[in-house]
1. Test each condition in (1) within 16 Å of the ligand (Cβ to nearest atom); (2) assigned by TED's automatic domain parsing to the domain that holds Asp215 for Leu164 and report the one that comes out false.
2. So which residues in region 63-84 are open to solvent by less than 50 Å² (accessible area, probe 1.4 Å) and within 16 Å of the ligand (Cβ to nearest atom), if there are any at all?
3. Under 9 Å by Cβ, and 6 or more places apart or on different chains, what pairs join a residue from region 17-34 that is over 19 Å from Gln137 (Cβ atoms) with one that is aliphatic (A, V, I, L, M) and outside any helix (DSSP H, G or I)?
4. Out of Arg106, Arg56, which single residue is open to solvent by 50 Å² or more (accessible area, probe 1.4 Å), within 22 Å of Gly289 (Cα to Cα) and within 14 Å of the ligand (Cβ to nearest atom)?
5. Criterion first (out of contact with any Lys or Arg (no Cβ under 8 Å at 6 or more places or on another chain), open to solvent by less than 30 Å² (accessible area, probe 1.4 Å), modelled with pLDDT of 95 or more and on the phi < 0 side of the Ramachandran plot) does Ala15 satisfy it?
Amino acid sequence: MIGTDLLGIEDLERADIERILDTAEHMREVGRRVVKKVPTLRGRTIVNLFFESSTRTRASFEIAGKRLSADVINFSPSSSSLKKSESILDTARTLDAMDPDAVVVRHSVAGVPKQIADVLAAPVINAGDGAHEHPTQALLDLLTVKLEKGRIDGLTVTIVGDILHSRVARSNIYAFGKMGAEVRIAAPPPMIPAAVETLGVKVFTSLREAIEGVDVVMALRIQSERLAGCYLPSVREYSSTFGIDREKLKYAKEDVIVMHPGPVNRGVELSHDLTDHRPSVILDQVRNGVAIRMAVLYLLSGRRQEDAQRIDLGSGEGR
Ligand code: CP
């Protein structure tokens with residue numbers, strides 16, 4: 001069962017994932033209305049606690065909360081008492097004392113959302129922690145594939161790029177595996193984690209072999225400024241070997257889709273043309289991210305209230 005926090009896909013059962021996807025499919029309809037708002041979380045408070053930069057995840061959690069009528073607070077580390085040496089855990093405890101109904105955490109260090117969850121009463125949602133997990137990204141990727149293909153079970157998905165440093169890759173390996181897809185990874189050898197086969201993936205160092213006959217190609221962002229020279233001879237070489245363009249896509253299925261979590265280094269992971277046009281579905285991923293985050297906020301921040309109602313009903317008298 002989905003717990004009180006969402007820290008990683010590794011912790012979820014297939015039934016949890018299906019429940020989130022089903023809920024998100026209902027939430028998508030709200031985004032198509034003229035008035036994009038429902039009263040579901042009226043009176044609830046969501047805190048966005050982002051210690052690392054973000055465009056898609058932070059904006060979509062904020063929009064998701066607001067579409068559900070929650071009050072959304074965006075905490076800004078650079079203007080907070082963190083600047084006066086207050087610790088992250090004390091900051092989190094301080095915010096928790098204001099009784100939020102969910103806290104969304106992104107941090108560059110793996111495990112910080114879990115540390116915060118351990119000291120908070122409010123449900124904690126991991127919005128990406130170091131190279132560990134990015135569960136809502138994987139969920140929105142699953143939803144995008146499900147909507148495109150009508151199923152996930154039995155598909156073949158190839159994840160291309162810096163698997164070693166990628167929380168998106170890790171969450172997607174768990175997510176697609178749990179949902180019955182075959183997962184392949186393709187990368188230069190220094191970017192392949194040791195013993196990654198134990199996660200049930202097939203490992204390739206040839207892109208052509210990795211995308212032969214696949215349904216989905218997912219390219220990952222290369223942190224070119226950090227990795228060139230250490231993990232890659234050069235970004236240009238990476239692009240010519242592992243960058244996806246229409247020529248290389250000919251080896252995949254005719255109806256292949258191309259995904260990327262963003263932000264894209266145009267001309268590195270994907271050709272310019274593919275970044276903007278089908279079969280890439282990058283902006284659909286972004287759009288589906290709002291629905292997934294609405295579903296997660298609804299399922300987790302609604303929980304505290306459900307518990308409270310159960311207690312209220314049980315106590316009965318004097319109310
Ligand atoms: N995909 C993703 O996490 O993007 P942001 O860093 O912009 O949130």
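The values are calculated or read from the model by the stated rules, or taken from the named source; none is laboratory data. It should be emphasised that the depicted structure is a prediction, and the values quoted were computed from it without experimental measurement. All Cβ positions, glycine included, derive from the backbone under ideal geometry; neighbour counts span all protein chains shown. The accessibility values were calculated without ligands, DNA or RNA, using every heavy atom of the protein model including side chains. Shrake-Rupley method; radii C 1.70, N 1.55, O 1.52, S 1.80 Å.
1. Leu164 satisfies every listed condition except (1).
2. Hits for region 63-84 are Ala64, Gly65, Val72, Phe75, Ser76, Pro77.
3. Listed pairs, sorted by first residue: Val30/Val38; Val30/Leu68.
4. Arg56
5. Judged against the criteria, Ala15 is not a match.
Each row is one residue, and each column tells you yes or no for (1) surrounded by fewer than 18 Cβ atoms within 10 Å (Cβ to Cβ); (2) touching a residue at least 24 places away in the same chain (Cβ under 8 Å); (3) polar (S, T, N, Q); (4) more than 30 Å from Ile73 (Cβ to Cβ).
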residue	(1), (2), (3), (4)
Leu232	no, yes, no, yes
Tyr238	no, yes, no, yes
Asp255	yes, yes, no, yes
Arg266	yes, no, no, yes
Glu269	no, yes, no, yes
Leu283	yes, no, no, no
Asn288	no, yes, yes, no
Tyr298	no, yes, no, no
